Amino acid sequence: MDFSARVERVEPSATLAISNKAAELEAEGKDVVDLSVGEPDFDTPENIKDAAKAALDAGHTGYTPSNGIPELKAAIVEKLHDDGLTQYGTENLIVTPGGKQALYEIFQTIVDDGDEVVLLDPAWVSYEAMAKLAGGTLARVDTAAHDFQLEGALDDLAATVSDETELLVVNSPGNPHGAVYSRDALEGLRDIAVEHDITVISDEIYKEITYDGVEAVSLGTLEGMEDRTVTLNGFSKAYSMTGWRLGYFAGPEELVSQAGKVHSHSVSCAVNFVQHAGVEAITNTDEAVAEMREAFAERREFLMGLFENHGVEVPEPQGAFYMMPHVAPGGDDTEWCDEAISEAQVATVPGSAFGTPGYARISYANSKDRLQEAVDRLAEADLI
């Protein structure tokens, strides 16, 4: 059987590969501390589940308008306006089955064969895959030398992009590093994007999860970025709704019109009763979000302290629920992660999967007891 060139140029997801290996070990009866998964360990808040049940009972089980039910679109637009993104109305919005689907539709709509896509490394693994599936070429800018912050990498970004660059992807708060880009840094990025007429995806899936009073600035609020930014968000991380598959993106009306073709011919619409649950999530769940954020903040401090006790360098994350310790300076991070899971039964993700060798991504969406267990096992195996 012959396969398309587009699918053969894409590697399987590194994060899912690690998760699968962890599952295999658990099936053998081994206790694995899985710090590889980008998923909150909290149950979906009860009010959201109740709203889904009520929607089911009310018969909301059929197709919806392709771009989303009016109630959810209105609630999302209100949130976007609260964030300063007043350029968006319901006509600028598509509701998708998950944030990943939103990204896929944006890439398919904007990127053509040979178009250049610029990533800020370390970058979430699926950005590269989606660019390749759309036929794009990649250019990458390293931020690891600057503790994953953007300010120090602006000169490199300016040297990397050109008038041939079609798309730049920004993720703040970021996966896998947890960095939150400052307003000054984003204004510098804005100047570069405007100079070269570049469209920018602002992936804000972790926007609600920041610490120490740090503000996650929405790129589309900056002067000059209103009509060249595609803002993406979803319900998986902030509301602990990963399995519900609900996301959205907002952009210029002409982009939404074109992306609607991809959307309608692929997924048709997001699940009806899930969209109704999304209305409840976005309008009435602030207290639960705050409680989860506080728990993540405590775990972040706890894990940072554990690594510090073992002399492991970790740039402090300001958002999301990941950190990237420098586990293999000058060495092989993939080998380190393989040893971590095979010898210590601790699952992590190699930094090279995100374009940043020498590091490992660790999710602290786990209990303090399990985080302590993970570090103890890594120390016992002489991996830290």
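For the chain, what's the relative contact order in percent, using C-alpha pairs closer than 8 Å and at least 6 residues apart?
On the way: 747 pairs, mean separation 91.9, N = 384.
Relative contact order here is 24 percent.
State to the nearest 20 debye the size of the charge dipole of the stretch 46-284 about its Cα centre, where the only charges are +1 on K and R beta carbons and -1 on D and E beta carbons.
My answer is approximately 1240 debye.
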Cα centroids of the stretch 290-316 and the stretch 16-70: how far apart, whole angstrom?
25 Å
Charge tally in the Cβ shell below 12 Å around Tyr206, where Lys, Arg are +1 and Asp, Glu are -1, Tyr206 excluded
0
The farthest towards the positive end of the charge dipole of the stretch 46-284, of the residues Gly84, Thr283, Tyr104, given +1 on Cβ of Lys and Arg and -1 on Cβ of Asp and Glu, is Thr283
Taking alpha-carbon centroids only, the stretch 114-148 lies from the stretch 209-255 a number of Å equal to 19 Å
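Roughly what percent of Cα-Cα pairs across the chain reach past 40 Å? It would help to have the intermediate numbers written out before the result.
Details: 9136 of 73536 pairs.
I get 12 percent for the Cα pairs in the chain exceeding 40 Å.
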Give, to the nearest whole percent, the P(r) tail of the stretch 82-224 beyond 22 angstrom, counting all Cα pairs.
37 percent
Set Lys and Arg Cβ to +1 and Asp and Glu Cβ to -1, take the dipole of the chain about its Cα centre, and tell me which of Met324, Ile48, Thr229 lies farthest positive.
Ile48
Around Val217, with a cut-off of 13 angstrom between Cβ atoms, what is the net charge of the other residues, counting Lys and Arg +1 and Asp and Glu -1?
-3
20 Å Cα-Cα reach of Lys207 towards lysines, excluding residues that sit fewer than 8 places from it in its own chain:
Lys73, Lys79, Lys100, Lys237
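Hey, what's the Cα Rg ratio for the stretch 269-317 versus the globular rule of thumb, 2.2 N^0.38 Å?
On the way: Rg = 17.5 Å, N = 49, 2.2 N^0.38 = 9.7 Å.
Here the answer is 1.81, to two decimals.
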Rounded to the nearest 5, what % of the DSSP beta bridges within the chain are antiparallel ones?
40 percent
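Normalized C-alpha radius of gyration of the stretch 1-151, against 2.2 N^0.38 Å? If you can, show how the numbers build up before the last one.
Working: Rg = 20.0 Å, N = 151, 2.2 N^0.38 = 14.8 Å.
Normalised Rg, Cα atoms only: 1.35.
Using helices alone, I'd like the mean residue ellipticity at 222 nm for the chain: each DSSP H run of four-plus residues gives -39500 (n - 2.57), total over residue count, nearest 500.
Working: 13 runs with 160 residues, N = 384.
The helix contribution divided over the chain gives -13000 deg cm²/dmol.
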Just add up the charged neighbours of Gly84: K/R +1, D/E -1, any other residue whose Cβ is under 13 Å from the Cβ of Gly84.
-4
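Only the coordinates and a few stated rules stand behind these numbers; no lab work does. None of these values were measured; they are calculated from a predicted model. All Cβ positions, even for glycine, are placed from backbone atoms using ideal geometry, and neighbour counts span all protein chains on display.
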